[in-house]
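Comments concern the structure below.
The values are calculated or read from the model by the stated rules, or taken from the named source; none is laboratory data. Not measured: the values here are computed from a predicted model. Methodologically, a virtual Cβ is constructed for each residue, glycine included, from the backbone with ideal geometry; neighbour enumeration extends over all protein chains shown. Accessible surface is based on the protein model in full, side chains and every heavy atom, while ligands, DNA and RNA are left aside. Shrake-Rupley method; radii C 1.70, N 1.55, O 1.52, S 1.80 Å.
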Amino acid sequence: MINSLFSAFRKIDKSSSQDEINSVIKPQNFEEKVVWYYITGTYVLYLLGAQHILAFIMAWFLAIYLCKKLWDQTDDTPVEEKITIPLGVWVWIICMLLMEVALIGSHLDYNLDLARVIRSTINFFIRTWALFALFPLIGCLKIRPQLIYRAACILCLQTLILFPICQMASIVHLPSSIYTSPLQKIGGVGAEYYRVLLYGIDGETHKPRLYLFAPWAPALGLVGDIYFFLTCQESNKKWRWIGMIGAAAMVVGADSRLGTLCLLILPFLILLLVNFSRPSVQIGTGVVSFLSGLFGLQIITWVKDFKTQFDGQRAGSSQVRDILGRIALYRWWTEAPIWGHGLVEPKGPPVTTRKPIGSHHTWFGLLFTSGVVGFIAFAVPLFWSFIELLIKAQKNKTAQVGLGVVLVLFFFSFAENLEALIYIYWPGLVIMGIAFKEKFPKNILF
């Protein structure tokens, strides 16, 4: 059954030839080389503590490179070499510019000086929110999705090699922290983004959790889910299974509750969404809806029990997240509903174990820092991406991967600040950009 599920999810487009499927994947141009060597060299960058710095530098560099190619385009440029920016990418660009407006508005609202506005723009826009527009824009370059799938599989193979080493280190109680990269001095963010760790210890359960190339364990669960959808589309069967197992190992090693839930549910959900136009699926959905109505009370009780059990696995963490959310919402509504506070409050009250107000939740964090303007600036492109990719996914496999990325981001937006982690899951955003270039199907029913 599992085999048929994955096989249905990753069927190759009819336009793909057998020679293309079996060919060796190698970068063929400058932009592909940059993407390929960054992904396959992720662990080297992690050991150097350079990921957080190089990711945004690469994004801006390739975006400028794209703009130059656009500028140099003429009517005589071959069609296959021409670059076009699709509507979906423009939606992200416009909305992320609105995010910068929200940042400036919040700083002016609290009478913060120009120097503070510039520092915040660099640290909280250029290096974070702007990348939501830049990486899909980079997808407009001549980058083959198959190249990203293969690079992701290679990274997952490296993960499978390191996985038992890190697990063994936790079993024999080797020191978890190896060192903190000196690049932290120019990084502008916390030390957790530059630490090199063999593993981490959960403060509540006292069990080891793997971080690998992520700054904390739940972030590894997020990137593992996204890489799972990337590797599912690898054309070579051996590489595909290596990639999927490696991506699943990230989620398992991170011991991420939400990551595990997404890994189990989202493949089935996407299969349902991309086949919803089929009469059999519609009939089945109707039957399920009818039965849900008959047993609604029991289902509600089951959902409540599941949530209680889900939260109870790390009750302290769930309680802190709930308190952080309620504080962020209250202070947003009573103090800065339109533009927000501009900045995350570095230390919350003792009841939150001093966690920053505006953290651990993308939507509450947006409301607290950027108000309703920032909330809309992120909600609109995310919703647009879901609708556009859902329509295209009925006929296009790249759009199916992009749809999977959007759903993972949506689920994790309720547990993480997504903008702070773009530097580790950016290949998913590039695939989204590639999917935006695909044409809408003329008829999604057949």
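Looking across the range 173-218 at every residue that is of a type in the set (S, T, N, Q) and in contact with a Leu (Cβ under 7 Å, 6 or more places away or on another chain), the one that is farthest from residue 54 (Cα to Cα) is identified as 176. Looking at 127, 119, just one residue is open to solvent by 20 Å² or more (accessible area, probe 1.4 Å), free of Cβ contacts under 8 Å to residues at least 24 places away in the same chain, assigned to a helix (DSSP H, G or I) and of a type in the set (D, E, K, R), and that residue is 119.
Here 68, 14 are screened, and the one residue that is modelled with pLDDT under 90 and either surrounded by 11 or more Cβ atoms within 10 Å (Cβ to Cβ) or among the basic types (Lys, Arg) (or both) is 14. Criterion applied to 44, 89 was being open to solvent by less than 60 Å² (accessible area, probe 1.4 Å), assigned to a helix (DSSP H, G or I) and either of a type outside the set (Ser, Thr, Tyr) or under 30 Å from residue 192 (Cβ atoms) (or both), and the one residue passing it is 89.
Between residues in the range 163-179 that are among the aliphatic types (A, V, I, L, M) and residues that are outside any helix (DSSP H, G or I) and open to solvent by 70 Å² or more (accessible area, probe 1.4 Å), which pairs lie under 9 Å by C-beta distance while being six or more apart or on different chains? Once the first residue is among the aliphatic types (A, V, I, L, M) and sits in the range 163-179, its partners that are outside any helix (DSSP H, G or I) and open to solvent by 70 Å² or more (accessible area, probe 1.4 Å) give 168/174; 169/175; 178/195. Among the residues that make up the range 193-210, is at least one of them within 20 Å of residue 429 (Cβ to Cβ), of a type outside the set (Phe, Trp, Tyr) and out of contact with any Ser or Thr (no Cβ under 7 Å at 6 or more places or on another chain)? Looking for residues that are within 20 Å of residue 429 (Cβ to Cβ), of a type outside the set (Phe, Trp, Tyr) and out of contact with any Ser or Thr (no Cβ under 7 Å at 6 or more places or on another chain), one finds none in the range 193-210, hence no. Look at residue 326 and say whether it is surrounded by fewer than 21 Cβ atoms within 10 Å (Cβ to Cβ), touching a Phe, Trp or Tyr at 6+ places or on another chain (Cβ under 7 Å) and part of a helix (DSSP H, G or I). So residue 326 does not fit the description; no.
Anything in the range 353-374 that is within 12 Å of residue 95 (Cα to Cα) and either touching a strand residue (DSSP E or B) at 6+ places or on another chain (Cβ under 8 Å) or buried (at least 22 other Cβ atoms within 10 Å of the Cβ) (or both)? List them, or say none. Answer for the range 353-374, where residues must be within 12 Å of residue 95 (Cα to Cα) and either touching a strand residue (DSSP E or B) at 6+ places or on another chain (Cβ under 8 Å) or buried (at least 22 other Cβ atoms within 10 Å of the Cβ) (or both): just 374. From the list 83, 53, 57, which residue is over 30 Å from residue 337 (Cα atoms), open to solvent by less than 90 Å² (accessible area, probe 1.4 Å) and in a loop (DSSP other than H, G, I, E, B)? Of 83, 53, 57, the one residue that is over 30 Å from residue 337 (Cα atoms), open to solvent by less than 90 Å² (accessible area, probe 1.4 Å) and in a loop (DSSP other than H, G, I, E, B) is 83. May I ask you to verify whether residue 308 is exposed (fewer than 13 other Cβ atoms within 10 Å of the Cβ), at pLDDT below 90 and assigned to a helix (DSSP H, G or I)? Considered against the rule, which asks whether it is exposed (fewer than 13 other Cβ atoms within 10 Å of the Cβ), at pLDDT below 90 and assigned to a helix (DSSP H, G or I), residue 308 comes out as yes. For the range 213-247, a residue qualifies if it is over 17 Å from the mean Cα position of the chain (by Cα) and of a type in the set (D, E, K, R), and the qualifying residues are 234, 237, 238, 240.
Just one of the listed residues (419, 388) is touching a residue at least 40 places away in the same chain (Cβ under 8 Å) and either under 30 Å from residue 334 (Cα atoms) or surrounded by fewer than 20 Cβ atoms within 10 Å (Cβ to Cβ) (or both), namely 419.
Conditions tested, residue by residue: (1) touching a Lys or Arg at 6+ places or on another chain (Cβ under 9 Å); (2) hydrophobic (A, V, I, L, M, F, W, C).
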position	(1), (2)
390	no, yes
394	no, no
397	yes, no
420	no, yes
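So how many residues does the range 122-136 have that are in contact with a Gly (Cβ under 6 Å, 6 or more places away or on another chain) and either modelled with pLDDT of 95 or more or under 28 Å from residue 396 (Cα atoms) (or both)? So the answer is 1. Of the residues making up the range 353-367, just one is β-branched (Val, Ile, Thr) and in contact (Cβ under 8 Å) with a residue 40 or more places away in the chain, namely 362.
Here is the figure for the range 206-243: residues that are farther than 22 Å from residue 414 by Cα and open to solvent by 10 Å² or more (accessible area, probe 1.4 Å) total 12.
Scanning the range 121-173 for residues that are over 20 Å from residue 69 (Cα atoms) and of a type in the set (D, E, K, R) turns up 127, 150. Within the range 146-200, being assigned to a strand (DSSP E or B) and either among the hydroxyl-bearing types (Ser, Thr, Tyr) or open to solvent by less than 50 Å² (accessible area, probe 1.4 Å) (or both) holds for 177, 179, 180, 196, 197, 200.
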